[in-house]
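The block underneath contains the structure these notes are about, expressed in structure tokens.
The values are calculated or read from the model by the stated rules, or taken from the named source; none is laboratory data. Small disclaimer: the values here were computed from a predicted structure and weren't measured. Cβ placement follows ideal geometry from the backbone for every residue including glycine, while neighbour counts extend to all protein chains displayed.
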Amino acid sequence: MDSSMTIAEAHDKLAHREVSSTELVQACIDRIEKVDGTLNAVVYRNFDKALDQAKKVDSAGKFDHPLTGIPYLVKDVYCEEGVQTTACSNVLREKNYIPPFDSTTSKRLKAVGAISIGKTNTDEFTMGASTETSCYGVTRNPWDTTRVAGGSSGGSAAGVAAGEGIFALGTDTGGSIRQPAAFCGITGLRVTYGRTSRYGVMSMGSSIDTIGPLCRNVEDLCIVTQAIAGKDPLDATTGDVPVPDYRSELKKGVKGLRVGIPKEYFLEGMNAEVEASVKAATEVFKKLGATVIDISLPHTKYATATYYVICPCAVSSNMARYDGIRYGHTADKPQNLLEYYECVRSTGFGAEVKRRIMIGTYALSAGYVDQYYRQAQKVRTLIKKDFDDAFRTVDVIVSPVSPTPAFTIGAHDANPIDMYLEDIFLTSQVMAGIPALSVPCGFSKAQGSVPALPLGLQIMGAQWQEATILRAAHAYEQATEWHMKKPVL
Ligand code: GLN
């Protein structure tokens, strides 16, 4: 059976008894067994539990909700009761941390009968743009296995692109849903900060972390977001803002929609194919009756530097709990408590996590906090103001997701700053807390041994306006065929 159906297609088949949930789950398991030896997208397999759950769903025989009986993959930072969760870090892997509770999102998906079949690979504690910092090794891109799948939700993106799950959950702190979605030719949504609950999802940057879906098309993004969004008493930062019916919003189309093109996202010397694909997408919007307007977001150039101060500051605090006493990794024969901490943390964490703990601790220390952290917070306000101003004249803003298509594994090993620059188009939305998504918008040209690689279009909206960007992306998707292409594996 085809495990690369959309949620809507799979639901239709379930509701008409053309397939059972058990068959769907089995199809994904078969696919994982066939291709994951190459991809390394799924780091923990939850097959027995998933098959049990599918049987129960089948015998209940009620498919009222579009997610009932649908198998999905979940990034290895979401806690699921009784299921190993490691953030792909040796700090938790050594003793197989098994949470005694569900994240709010896992709970909400369980309540409607969706079935989690496995945990996906991520950069260690979601720090990275390539899934190379995982303690389980890199995830390979299904379109070209010499390349990265993106990161940090690389396992989720590769898994969906390769048909290992019908959809997946990821997290986006600084681009980790949008960029891997773009690199793998699927769609991914970063919601407004506070739209979905962070409860039970391991934190990286508490004021910037968001959790959201990676899917095969925009309608599916609507279905998953609908099920997981909304106020959660267990996460005080969730907004008490009504969740619209995203799917029915799609019908409105884009006639008269004002689409902003920010000049700061089109840089001298940028990748020509990336630039051309976004320009072509704006033509599609014009044909569909939208108005395209040139705009400016003047503080864009500071966003990545600001992000790489604020994010490590949060990291230095959030990582403090991994001290070897409460969870995971331990040390042999320490002489005293300090030595114990030193040993646990220096051997448990990888290089990127340690780098961020050090940068964050430095930037927060007395004497530097004004110069770095407070300054970054001020710039963050300016970046947010850029968007507030822009959204007075436009409804959505479009840009590239990434400066290049998926890069080769190891390409940025020598210089971590190069890796940070991968996030150049993805950090200002984070600073502003606004929603943004990635939708397939073309392919690079195949050249010699390098196959054609997917490219992504980013669509941003004002705070809480997920419905508007989903609507724009859906209209674009209906007018193009990029999202229908599937990698051959
Ligand atoms: N690449 C970014 C970083 O390394 C994004 C990470 C994320 O969104 N989790 O911080």
Top-ranked residue in the stretch 141-172 [being among the charged types (D, E, K, R) and surrounded by 24 or more Cβ atoms within 10 Å (Cβ to Cβ); ranked as farthest from the ligand (Cβ to nearest atom)]: Glu164
Looking only at the stretch 101-137, and only at residues there that are of a type in the set (A, V, I, L, M, F, W, C) and surrounded by fewer than 23 Cβ atoms within 10 Å (Cβ to Cβ), the one that is nearest to the ligand (Cβ to nearest atom): Cys135
Selection count where residues are small (Gly, Ala, Ser), more than 14 Å from the ligand (Cβ to nearest atom) and closer than 30 Å to Lys385 by Cα, scope the stretch 434-455: 0
Matching residues in the stretch 305-343 - criterion: being more than 14 Å from the ligand (Cβ to nearest atom) and part of a helix (DSSP H, G or I): Ser317, Ala320, Arg321, Leu337, Leu338, Glu339, Tyr340, Tyr341, Glu342, Cys343
Residues of the stretch 274-306 satisfying the condition of being surrounded by 14 or more Cβ atoms within 10 Å (Cβ to Cβ), closer than 29 Å to Ala376 by Cα and touching a strand residue (DSSP E or B) at 6+ places or on another chain (Cβ under 6 Å): Ile295, Leu297
Answer residue from the stretch 395-416, given it is among the aliphatic types (A, V, I, L, M) and more than 17 Å from the chain's Cα centre (by Cα) and is nearest to the ligand (Cβ to nearest atom) among those: Ala411
The one condition in (1) within 14 Å of the ligand (Cβ to nearest atom); (2) of a type in the set (Ser, Thr, Tyr); (3) within 12 Å of the chain's Cα centre (by Cα) that Tyr193 fails to fulfil: (3)
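Per-residue answers, yes or no, for (1) among the basic types (Lys, Arg); (2) part of a loop (DSSP other than H, G, I, E, B):
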position: His412; (1), (2): no, yes
position: Tyr420; (1), (2): no, no
position: Ile434; (1), (2): no, yes
position: Ala467; (1), (2): no, no
position: Arg471; (1), (2): yes, no
Selected residue [within 16 Å of the ligand (Cβ to nearest atom), in contact with a Lys or Arg (Cβ under 9 Å, 6 or more places away or on another chain), farther than 12 Å from Leu189 by Cα and not polar (S, T, N, Q)] from Met419, Met431: Met431
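Residue by residue, here is whether (1) at pLDDT 95 or above; (2) touching a Ser or Thr at 6+ places or on another chain (Cβ under 6 Å) holds:
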position: Lys333; (1), (2): no, no
position: Gly350; (1), (2): yes, yes
position: Ala376; (1), (2): yes, yes
position: Leu382; (1), (2): yes, no
position: Lys385; (1), (2): yes, no
position: Phe391; (1), (2): yes, no
Residues satisfying the stated conditions in the stretch 344-402, i.e. surrounded by fewer than 18 Cβ atoms within 10 Å (Cβ to Cβ) and not in a helix (DSSP H, G or I): Ser365, Ala366, Gly367, Tyr368, Val369, Arg392, Thr393
Options Arg374, Arg380, Arg392, Arg355; residue that is of a type in the set (Lys, Arg), within 16 Å of the ligand (Cβ to nearest atom) and under 30 Å from Ser296 (Cα atoms): Arg380
Listing of helices (runs of 4 or more DSSP H) fully contained in the stretch 1-79 that carry 3 or more residues being farther than 22 Å from Ile223 by Cα: 21-39, 47-60
Close pairs from the stretch 121-133: first farther than 17 Å from Val74 by Cα, partner in a loop (DSSP other than H, G, I, E, B) and more than 9 Å from the ligand (Cβ to nearest atom), Cβ under 6 Å, at least 6 apart: Glu132/Val138; Thr133/Gly350
Residue count, the stretch 322-340 (criterion: free of Cβ contacts under 8 Å to residues at least 24 places away in the same chain, crowded, with 16+ Cβ neighbours inside 10 Å and not hydroxyl-bearing (Ser, Thr, Tyr)): 2
